[in-house]
Structures are given as C-alpha cells and as structure tokens.
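Colleague: Dumping the structure here so I can ask a few things about it.
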Amino acid sequence: MFWQLFIWLILALSLAELFYLLYLAWKSSRVPKLVLDDVVHFLYPVDTSLLTRLLDPAADFELRWNLNAVQYREEQRRRMLVCRELLRRMSHNSAVLAEFDNSVRYHDGLAEGPGSKLQEAALNVRIYCTFAGCRLRLWMWLPKAMFRVIPAPGLAQLRIAAKLDGPKAYDELREAARDAFAQLNPSELQLEALSHNL
C-alpha cells in the first residue's frame with residue numbers, strides 16, 4: 001500500500017514538473033521587445049573604484065597593520081557587507097543586460113548561433129559574482145568567535161574567483177554593453193544614463 005502511494009506521488013510530481021516546464025517554455029516564447037530606456041532604469045550603479053579598493057591587498061595589509069584584532073574584525077565585517085552589496089548589483093546588472101541582449105537577438109531573428117560579446121561578458125560576471133558571493137557568505141556566516149582562533153579573511157582573496165578577475169570582468173561587461181547599445185543609435189542622454197547606471 002505504501003509503495004503504491006509513493007509511486008503515484010512520484011508520477012503526480014513528475015506530471016506537475018512537466019506542466020511547469022511547458023509553461024516556462026510557452027512564457028519564454030512570448031518575450032516582449034525591451035528598449036534601451038527600459039534597460040537603463042533597471043540597472044543599479046556600481047562604483048568600480050570602491051570595489052577595486054575593497055579587493056586591494058595593500059588595503060587589507062594596511063588595515064591589519066593599523067588596527068588591533070577586534071577593530072580589524074569589525075572593519076573587515078563592514079567591508080564584507082559593502083562588497084556583498086556590490087557583488088549583488090553586479091550580478092543583477094549582468095542578468096538585466098543578458099535579458100536585453102536575448103530580447104534584441106530574438107526580435108532581430110538572431111536566436112540561433114553563438115552568443116554575443118555582451119552575453120559572454122554577462123556570463124563571466126555572473127560566474128564571478130556567484131563564486132565570490134558564496135565565499136563571502138561563508139565567511140560572514142562564521143561566528144565572530146571563530147575569527148579569534150583563525151585570522152579574519154582578507155577581501156583581496158575575492159579579487160579572483162573561478163579564474164576570473166572581478167573588476168576586470170565587470171569593465172569588460174561595461175564595454176560590451178556600450179558597444180551593443182551604440183549599435184542601436186541611442187541619443188547622448190541615453191548613453192550618459194547607461195554609463196552612469198553601470
């Protein structure tokens with residue numbers, strides 16, 4: 001009796017999953033065409049100079065040198081929070097730009113074939129943010145008492161994650177976005193808004 005119920009439960013869940021996948025396929029075929037003005041409003045500004053300073057090994061060394069252990073842990077925790085927010089924004093922006101590129105390619109009949117330079121740059125940023133974000137979350141989940149036993153991690157270790165240099169990958173995404181948007185013949189105001197929000 002138990003096994004029959006278990007088998008019927010598996011079949012029902014499989015059927016529900018099939019309907020969900022069909023719904024997702026149907027929904028993705030109804031992609032509205034995104035315009036440049038839509039994309040600009042969904043981007044979050046990322047201060048890459050701040051990210052570079054946070055991931056600089058010299059800054060970590062200077063903090064360790066000038067602060068005592070308790071002050072250093074508190075300052076490092078504050079810096080981790082800022083870094084986590086910057087990674088979240090970078091990941092969000094890359095997802096928005098990838099969706100925009102998919103929309104443009106779909107409506108221009110370029111859905112088949114290899115991805116564009118913007119897609120590749122967005123994918124690199126997403127991979128970097130995923131790996132760096134996981135390491136950062138792990139460090140933040142550790143109890144503060146743990147850092148009395150082991151040294152507090154340096155943010156400079158997050159500069160390269162999954163063999164990708166984070167600030168460099170995001171700069172490549174910015175360049176690819178500018179190139180892709182320039183092909184759409186935007187106004188100067190739109191290009192300025194894109195540069196400001198990226």
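Laboratory data are not the source of any read-out in this text; all were calculated from the coordinates shown. What you see is a predicted model, and the numbers here were worked out from it, not measured in a lab. Quick reminder, even Gly has a Cβ in these numbers, built from the backbone with ideal geometry, and neighbours come from all protein chains shown.
Colleague: What distance in nm separates the simple spin-label points at Arg135 and Tyr23, each placed 7 Å from Cα in the Cβ direction?
Modeller: 3.9
Colleague: Please give the peptides 57-68, 153-164 ranked by average Cβ packing (other Cβ atoms within 10 Å per residue), highest first, as a rough proxy for protection.
Modeller: 153-164, 57-68
Colleague: Along the Cα-to-Cβ line of Ala69, 7 Å from the Cα, sits a label point; which residues in the range 152-180 have backbone N less than 12 Å from it?
Modeller: The answer is 152, whose backbone nitrogens lie closer than 12 Å to the label point.
Colleague: I've got another one for you. Grab the DSSP H runs of the chain that are 4 residues or longer, score each as -39,500 (n - 2.57), total them, divide by all residues and round the 222 nm result to the nearest 500 deg cm²/dmol.
Modeller: When only DSSP H runs of four or more count, the value is -24500 deg cm²/dmol.
Colleague: Once label points are set 7 Å from the Cα along Cα→Cβ at both Leu15 and Asn197, what is their separation, rounded to one decimal in nm?
Modeller: Placing both labels 7 Å beyond Cα along the Cβ direction yields 4.5 nm.
Colleague: Which residue, Leu50, Leu173, Leu86, tops the fluctuation ranking in a GNM of the chain built on C-alpha contacts under 10 Å?
Modeller: In the Gaussian network model the winner is Leu50.
Colleague: Run the simple label-point estimate for Gln4 and Arg88 please: 7 Å along Cα→C-beta, distance reported in nm.
Modeller: Simple spin-label model gives 5.1 nm for this pair.
Colleague: Shifting gears a bit: Taking every pair of distinct Cα atoms and averaging 1/r, then inverting, what Kirkwood hydrodynamic radius in Å comes out for the chain?
Modeller: Value: 19.7 Å, from the Cα pair sum.
Colleague: Moving on to the next point. Which value does Rg/Rh take for the range 58-106 over its C-alpha atoms, Rh per Kirkwood?
Modeller: 1.35
Colleague: Grab the chain and count how many Lys pairs have their alpha-carbon atoms under 28 Å apart, sequence gap of 8 or more, or different chains.
Modeller: Within the chain, the lysine pair count is 4.
Colleague: Where the centre of each part is set by its Cα atoms, how far does the range 46-98 sit from the range 171-198, in angstrom?
Modeller: 26
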